Amino acid sequence: MAGRLLLRGMLAGIAAAALAFLFARVFGEPQVNLAIAFESAMDAASGEPPEPELVSRGVQASLGLLTAAVMYGAAYGGLFALVFSLAYGRIGRFSPRMLSMLLAGAGFMAVVLVPDLKYPANPPAVGQPETIGLRTTAYFEMVVFSLCALTLAVLSGRALAARLGNWGATLCGGAVFVVLVALLQWALPDISEVPDNFPAILLWRFREAALGMQIVLWGSLGLVFGMMADRLLGRGMPRYG
């Protein structure tokens with residue numbers, strides 16, 4: 001059963017990635033093109049020669065973006081299915097569709113939203129080459145710590161459920177998550193490398209598009225996998241909810 005859920009998770013991830021790709025093509029790529037044009041203009045003004053393109057922008061914005069999105073979606077879909085198989089029937093009497101949407105919401109919050117509050121996505125021309133290692137390490141530390149905080153919050157809520165009831169335990173678990181995330185964001189270093197003359201509206205729209213792409217990906221993953229899991233578990237395993 002876990003293997004069949006894994007396959008469905010990967011398929012759901014690929015479908016979600018295809019929708020996220022369409023969103024990125026419509027809303028994200030125009031902002032990337034504007035940022036690249038800004039970067040090229042700054043290089044020309046400073047007398048620096050343009051960097052050679054190893055892969056053309058046309059390929060990057062089409063086949064390259066689609067390939068990356070599909071691989072990303074398949075990987076996240078597989079992991080999502082494994083987490084679902086562990087959680088189903090163990091954290092509450094939820095139907096497969098409801099549990100899938102709850103896990104998708106939790107995954108989006110822990111993997112995307114919380115790290116982005118500290119280290120939001122940046123377009124080309126934002127960031128120094130010498131700090132790539134620091135920025136990458138800090139971002140993935142934020143992702144790992146956020147997942148750990150979410151796990152501790154869920155365990156705390158389960159431990160308090162018998163004493164406080166489901167609603168009180170949920171509030172306490174949420175408070176634990178908020179406090180831990182606040183401490184993590186305070187402890188990790190701040191990184192601000194946006195050029196003074198970079199258009200604020202371009203930065204804002206790029207970050208909107210980047211976040212929107214993740215919302216489409218996780219929302220579609222939760223919906224599609226939930227439907228697939230509901231059909232499978234309705235036949236092979238007891239239903240909850």
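Where a ≥ b ≥ c are the square roots of the eigenvalues of the C-alpha gyration tensor, would you call the chain rounded, which needs a/c under 1.5, or, failing that, prolate if a/b is larger than b/c, or oblate?
The shape class here is oblate.
For the chain, take the longest principal axis of its alpha carbons; what is the angle in degrees between that and the long axis of helix 96-107, to the nearest 10 within 0 to 90?
So the helix axis and the longest Cα principal axis differ by about 40 degrees.
Round to the nearest 10 and give me the degree value, 0 to 90, for the angle of helix 200-236's Cα axis relative to the longest principal axis of the chain.
30 degrees
Please list 155-161, 103-109, 182-188, 215-221 highest first by mean number of surrounding beta-carbon atoms within 10 Å per residue. Let's see the in-between values first.
On the way: 155-161: 16.1, 103-109: 19.4, 182-188: 13.4, 215-221: 22.0.
For the peptides 155-161, 103-109, 182-188, 215-221, the packing ranking is 215-221, 103-109, 155-161, 182-188.
So, for the chain, what is the accessible surface per residue at a probe of 1.4 Å, expressed in square angstrom?
Heavy-atom accessible area per residue stands at 57 Å².
Only Cα pairs under 8 Å and at least 6 apart count here; give the relative contact order of the chain as a rounded whole percent.
Once divided by the residue count of the chain, the mean separation gives 38 percent.
On a 0 to 90 degree scale, rounded to 10, what angle separates helix 132-187 from the longest Cα axis of the chain?
Its long axis makes an angle of about 20 degrees.
To the nearest 500 deg cm²/dmol, what mean residue ellipticity at 222 nm is calculated for the chain from DSSP H runs of n ≥ 4 alone, each contributing -39,500 (n - 2.57), summed and divided by the residues?
Rounded to the nearest 500, it is -25000 deg cm²/dmol.
Which one of Ala229, Ala162, Ala35 has the biggest mean-square fluctuation once the chain is modelled by GNM with Cα springs under 10 Å?
Ala162
Could you sort the peptides 167-177, 9-19 by per-residue average Cβ neighbour count (10 Å cutoff), highest mean leading? Could you put the intermediate results ahead of the total?
Working: 167-177: 16.1, 9-19: 22.7.
Peptide ranking by packing, descending: 9-19, 167-177.
Out of the total accessible area of the range 186-234 (probe 1.4 Å, heavy atoms of protein only), what percent is carbon and sulfur?
Reported share for carbon and sulfur atoms: 62 percent.
The values are calculated or read from the model by the stated rules, or taken from the named source; none is laboratory data. Predicted model, so just to flag it, every value in this text is computed and none were measured. Because the Cβ atoms are built from the backbone with ideal geometry, glycine has one as well, and the counts that use them run over all protein chains shown. These area figures cover heavy atoms from the full protein model, side chains too; ligands, DNA and RNA do not enter into them. Shrake-Rupley method; radii C 1.70, N 1.55, O 1.52, S 1.80 Å.
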